[in-house]
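Readers should treat all values here as calculations from the given coordinates under stated rules, not as data from a laboratory. Because the structure is predicted, anything quoted here is derived from the model rather than measured. Quick reminder, even Gly has a Cβ in these numbers, built from the backbone with ideal geometry, and neighbours come from all protein chains shown.
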Amino acid sequence: MGAWWRGASVYQIYPRSYCDSNGDGIGDLPGIISKLDYIASLGVDAIWLSPIHPSPNRDYGYDVADYFGIAPELGTMDDFARLLDEAHQRGLKVILDEVVSHTSDQHPWFIESRESRHSPKADWYEWQDPKADGSVPNNWLAAFGGPAWSYWPQRRQYYFHKFLREQPKLNLHNPAVEEAVLGVFDFWLKKGVDGFRLDVAHSFLHDKMLRDNPPIAVDERTHWHWSHASNLQDHVFDNGFPADGQVGVEHRRILDAIRAVCERFEDRFVFAEFAEAPRLLGHFVGDRYGVHSGYTFGFLYNRDLTPRFVAQEIALYNSFADLWPCQTFSNHDVPRTVSRYGAGGRDDALAKQLLLLLLCLKGTVLLYQGEELGLADAPVGREHIRDPFGALYYPVFKGRDPCRTPMPWHSRRAHAGFTSGTPWLPVGPLHGAQAVNEQEGDKDSVLLFAREAVRFRRESLALRLGGIDVIEAGDQMLAIERAHGDETLLCVFNLSGEPASLELGERAGWMEVGPGSGRAEQAVGMLHLGPRAAFLARKP
């Protein structure tokens, strides 16, 4: 039997917004424990917890102050041990989100590093002298705005931060830092965790010559988020550098080392985010090197889901012979799919089609909490914004809070059953109607469809483990074929808002299987699909 994670479905939990057990308005580990039966009912194989370590929460857990503890607002180490045990009893693996590219500025390592140029950890972070005129060392821009360098008077130097100034960048070129980071993974593996997601793995290392990033050509600034200042430059030297260069070789060696720590333990899994560097996937993810799996932001940033775009993404992944990808349409960093591809409000037909499409792709599937309910983004007023990204760019960009609002559990309870107190973010005003209790009793609900779709994937070797090929089907329809052993599946999706037809040819007469969605009809060798419909068929 192969590794459990190949073809698995992984359910991402943003802990602060999942379920609050003590009324303080913040989701916590006991709250997650109370919902493990629900999670298991989805049919997923694992849960991925967004960061749970102590943090000042300038970036809500992605600024770690202690890699070896549990954030007190989320619970205790005993709570975590119970979560592990209870999840394992239900057949669920537990994956932690580890942020080892940078730390919080409150981390003891940085506090010691900033004291002087001669402290024991002086070079655990990237420090550089000012230019002769006192300005920053180069033109690198931080993802959240402004220069990627901040001055520390005590050292009379600048330190590098890819994100907020409160998130100083670790110097992973330093072997002592690498050893300390590997110790983090070893610690949690000994606690019994089943794997890790590596945050911003594309930016672990950087160009030691500190060369300026080149600008993005003006005619290429067509992406929906190009108006963020940092997106005006091509981040080839602060991350995303050529993988065949010396820095790329060193980068892969670090990923190899992380994988080696994980593989000292039985049946563990490590996957990574390569947000800005899709070309690195084939170099840093493989059967025998790098991490086990990884993903880019191609689908996550996309706002126009066409057959051509999906085919291009499939071709990208297929171009790397040893790559086992992760596939994801939603997470805590981007607008929810129903909001990106729909009119902005509830759209159950669209939600079902997108769920099924995701589950039909090759790779390990990552589902984000609420995706199984078909949730759209919730409106978050300026006065409620917590995300520093949103605080900086509002109202041009309202931040990531709209996709992070609390999970709706019960329509007839305060705050949709998320908390008995005041929630840290407001519950979406329309989410109560889509709460779990409302959908449990509705045979046409997105939730029941999601369970059926996940179950079908779990039982299909073609979907879990098979190869994937795109079949030409015109501008409206996406047709893919998945095959493994004796099973071959045809998966067809009408991605348009109008009816569409496909000539089936040699696939005419294949038996319809799986959940399907929308109107589908076979007649005289033709397949007719209604708007946003999907059709699955198995070769006899």
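Couple of notes before you dig in:
- Cβ-based net charge around Leu210, under 12 Å, with every Lys or Arg adding one and every Asp or Glu removing one: -2
- Among the chymotrypsin sites (Phe, Trp or Tyr not before Pro) found in region 244-281, not one is both in a DSSP coil and sparsely packed, with 12 or fewer other Cβ atoms within 10 Å of its Cβ.
- Across region 87-97, rounded Karplus estimates of 3J(HN,Hα) from the backbone phi angles (6.51 cos²θ - 1.76 cosθ + 1.60, θ = phi - 60°) give 5, 4, 4, 9, x, 9, 7, 10, 10, 9, 8 Hz, Gly and Pro being marked x.
- One quarter of the convex hull surface built on the alpha carbon atoms of region 27-173 amounts to 10.5 nm², the projected area averaged over directions.
- Percent of beta bridges antiparallel (DSSP, the chain, rounded to nearest 5): 60 percent
- By the compact-protein rule of thumb, 2.2 N^0.38 Å, the alpha-carbon radius of gyration of region 336-386 corresponds to a ratio of 1.29.
- R0 of 25 Å, Cβ-Cβ distance Glu383-Ala414: FRET efficiency to nearest 0.05: 0.80
- Label positions at Arg288 and Ala81, each projected 7 Å from the Cα along the C-beta direction, are separated by 4.1 nm.
- Stokes-Einstein diffusion coefficient of region 204-338, Kirkwood radius over Cα pairs, 25 °C, 0.890 mPa s, in µm²/s: 150 µm²/s
- Region 462-494 versus region 102-122: alpha-carbon centroid distance in Å: 52 Å
- Largest first, the extents of the alpha carbon coordinates of region 72-144 on the three principal axes equal 61, 27, 20 Å.
- Per-residue 3J(HN,Hα) values for region 16-27, derived from phi via the Karplus relation 6.51 cos²θ - 1.76 cosθ + 1.60 with θ = phi - 60°, read 4, 10, 8, 7, 9, 9, 10, x, 8, x, 10, x Hz in sequence order (x marks Gly and Pro).
- Amide hydrogen proximity for Gln327: with H placed 1.01 Å from N in the peptide plane, the residues at 5 or more positions away or on another chain lying under 5 Å are Thr364, Val365, Leu366.
- Taking amide H as placed 1.01 Å from N in the peptide plane, the amide H of Lys169 sits under 5 Å from that of Glu126, Phe160, His161, Lys162, each at least 5 places away or on another chain.
- Principal axis analysis of the Cα atoms in region 331-425 yields extents of 40, 34, 26 Å, listed in decreasing size.
- Relative to the globular-protein estimate of 2.2 N^0.38 Å, the Cα radius of gyration of region 388-450 stands at 1.33.
- Cα-centred dipole magnitude for the chain, charges only on beta-carbon of K, R (+1) and D, E (-1), debye, nearest 20: 240 debye
- Placing pseudo-labels 7 Å out from each Cα toward the beta carbon at Asp133 and His484 gives an inter-label distance of 5.9 nm.
- Computed with the Debye formula from one identical point scatterer per Cα of the chain, without solvent, the log10 of I(q)/I(0) at q = 0.08 Å⁻¹ comes to -0.52.
- Viscosity 0.890 mPa s, temperature 25 °C, Stokes-Einstein D of region 1-64 from Kirkwood C-alpha radius, µm²/s: 187 µm²/s
- For region 152-274, Kirkwood radius (reciprocal of mean inverse C-alpha pair distance, Å): 16.6 Å
- Helix axis angle, 348-360 relative to the chain longest principal axis, alpha carbon, degrees: 80 degrees
- For region 419-483: span of alpha carbons on each principal axis (Å, largest first): 51, 30, 25
- Given the chain, longest segment not containing exposed loop GluC sites (Glu not before Pro) (DSSP; at most 15 other Cβ within 10 Å): 267-471
- Between 0 and 90°, nearest 10: helix 307-318 axis offset from the chain longest Cα axis: 60 degrees
- Proximal lysines to Lys121, defined as alpha-carbon separation beneath 21 angstrom and excluding residues fewer than eight positions away on the same chain: Lys162, Lys169, Lys208
- Region 155-222 and region 275-339: distance between their alpha carbon centers, rounded to Å: 20 Å
- Helix axis angle, 446-459 relative to the chain longest principal axis, alpha carbon, degrees: 90 degrees
- Region 161-203: translational diffusion in µm²/s, Stokes-Einstein, Kirkwood Rh over Cα pairs, 4 °C, 1.567 mPa s: 108 µm²/s
- Contour excess over end-to-end distance, with Cα ends at Asp37 and Val249 and 0.36 nm allotted per residue: 71.9 nm
- Estimated vicinal HN-Hα couplings, Hz - region 153-167 in sequence order (Karplus 6.51, -1.76, 1.60; Gly, Pro = x): x, 4, 9, 6, 9, 9, 10, 8, 9, 5, 10, 5, 5, 7, 10
- Order of Tyr393, Tyr368 - criterion: other Cβ atoms within 10 Å of each residue's Cβ, fewest first: Tyr393, Tyr368
- Calculated [222 nm] ellipticity per residue, helices only, for the chain: -7000 deg cm²/dmol; basis is -39500 (n - 2.57) per DSSP H run with n ≥ 4, divided by all residues, nearest 500.
- Ranked list, fewest to most other Cβ atoms within 10 Å of each Cβ, for Val184, Val396: Val396, Val184
- Residues Lys539, Lys352, ranked from the fewest to the most other C-beta atoms within 10 Å, line up as Lys539, Lys352.
- Remark on Lys93: its backbone amide H falls under 5 Å from those of Ala46, Ile47, a criterion applied only to residues 5 or more positions apart or on other chains, H modelled at 1.01 Å from N.
- By the equivalent-ellipsoid construction on the alpha carbon gyration tensor, region 468-538 comes out with semi-axes of 18, 12, 12 Å, ordered largest to smallest.
- Region 89-229 - share of DSSP beta bridges that are antiparallel (%, nearest 5): 70 percent
- Local electrostatic count at Ala81 - Lys and Arg +1, Asp and Glu -1, tallied over other residues with Cβ under 13 Å: -1
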